[in-house]
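Presented below is the structure to which this report refers.
The values are calculated or read from the model by the stated rules, or taken from the named source; none is laboratory data. Small disclaimer: the values here were computed from a predicted structure and weren't measured. All Cβ positions, glycine included, derive from the backbone under ideal geometry; neighbour counts span all protein chains shown. Ligands, DNA and RNA are excluded from the accessible area calculation, which covers all protein heavy atoms including side chains. Shrake-Rupley method; radii C 1.70, N 1.55, O 1.52, S 1.80 Å.
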Amino acid sequence: ATRDFVAARPQLFGIAYRVLGSAVEAEDIVQEAWLRWQSTDRTDIREPAAFLATVTARLAINLAQSARVRRETYIGPWLPEPVDTSVDPQLGAERAEALDLAVLFILEKLNPVERAAYVLREAFDYPYARIADILETSEANTRQLVSRARKHLSAERREPVSPDAHRRLLEVFLVAAQTGSLSALEEVLSADVVSYADGGGIRGASKIPVVGRPHVSKYLVAFAPRFWPETDIRWVESNGSPAVLVSSHGNPMVLLSVDTSERGIERIMWVMNPDKL
């Protein structure tokens, strides 16, 4: 029983994390799935991984429904909790879908059942019939759930650039932000770029998103002298993409990641909440 659970664990965490956008909450779900697995009569269970995935998905949906209420009272913008994907680039999935921070941020606007349907289909390549069993609905409704999620994503997000182009944009942005170069920032930002700072109420984090190239550029220029001096920069891999970890005196302050398209940087995401770092 332990061997079966350990073999399934990466996938279980991958499902829960994508549905919840929180590594801490995903770990709690995996632990709950383990407790249920221990207390289950396993005599007639032919596919342990399938059973565990079903339990995990249902637990994650239930927690996501209550998390939505909690996040309505969150101070400032809420961003998903970043994860290090340098060891497992696909985070337990068939493919690295629904893992990008920007995608998880957009998926948060869907209801938890739509989110779970999309995750199980796009990241884990589950057949519609199996997803329908997990969600306790019809196959036709499952197809509608996935279709709605896809349409929502395509409406909210432009096609991202290649990983190499993504890193180049982030490199240019980082230098421009550190030096406070207004012209360089304006060249790399899209016209309707949005900057989100998730500080969970800490000082210095903007409690509202900053919208539009002129506003974001000026905000970053004003921000530069107070923020960047005496900081250390380390490139990391977060959620399958290059990101920058900014530290001060050895303490992580911000994880900086961006969402990109051919127009430039579409979203700037500053994860500053210490609990998420």
Confirm whether GLY180 is on the phi > 0 side of the Ramachandran plot, modelled with pLDDT of 95 or more and surrounded by 16 or more Cβ atoms within 10 Å (Cβ to Cβ).
-> yes
Verdict on ILE208 being assigned to a strand (DSSP E or B) and touching a residue at least 40 places away in the same chain (Cβ under 8 Å) = no
Pick from segment 144-163, criterion in contact with a strand residue (DSSP E or B) (Cβ under 9 Å, 6 or more places away or on another chain) and among the basic types (Lys, Arg), ranking: most open to solvent (accessible area, probe 1.4 Å) | ARG158
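Would you check if there is a residue in segment 193-202 being among the acidic types (Asp, Glu) and open to solvent by 40 Å² or more (accessible area, probe 1.4 Å)? Write out each step before concluding.
The first filter runs over segment 193-202 and keeps only residues among the acidic types (Asp, Glu), leaving 198.
Then keep just the ones that are open to solvent by 40 Å² or more (accessible area, probe 1.4 Å); that gives none.
No, the conditions are met nowhere in segment 193-202.
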Can you pull out the helices (runs of 4 or more DSSP H) entirely within segment 1-96 that have at least 2 residues that are free of Cβ contacts under 8 Å to residues at least 24 places away in the same chain and either open to solvent by less than 30 Å² (accessible area, probe 1.4 Å) or closer than 17 Å to ARG130 by Cβ (or both)?
-> 48-71
Would segment 183-192 turn up any residue that is surrounded by 13 or more Cβ atoms within 10 Å (Cβ to Cβ), among the hydroxyl-bearing types (Ser, Thr, Tyr) and out of contact with any Lys or Arg (no Cβ under 7 Å at 6 or more places or on another chain)?
-> no
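Quick check on LEU174: is it in a helix (DSSP H, G or I), under 22 Å from the mean Cα position of the chain (by Cα) and surrounded by 13 or more Cβ atoms within 10 Å (Cβ to Cβ)? Before the answer, list the steps.
Values: in a helix (DSSP H, G or I): yes; under 22 Å from the mean Cα position of the chain (by Cα): yes; surrounded by 13 or more Cβ atoms within 10 Å (Cβ to Cβ): yes.
Taking the combined requirement at face value, the residue satisfies it.
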Meets criteria (open to solvent by 70 Å² or more (accessible area, probe 1.4 Å), modelled with pLDDT of 95 or more and under 21 Å from GLY240 (Cβ atoms)) for ARG167 | yes
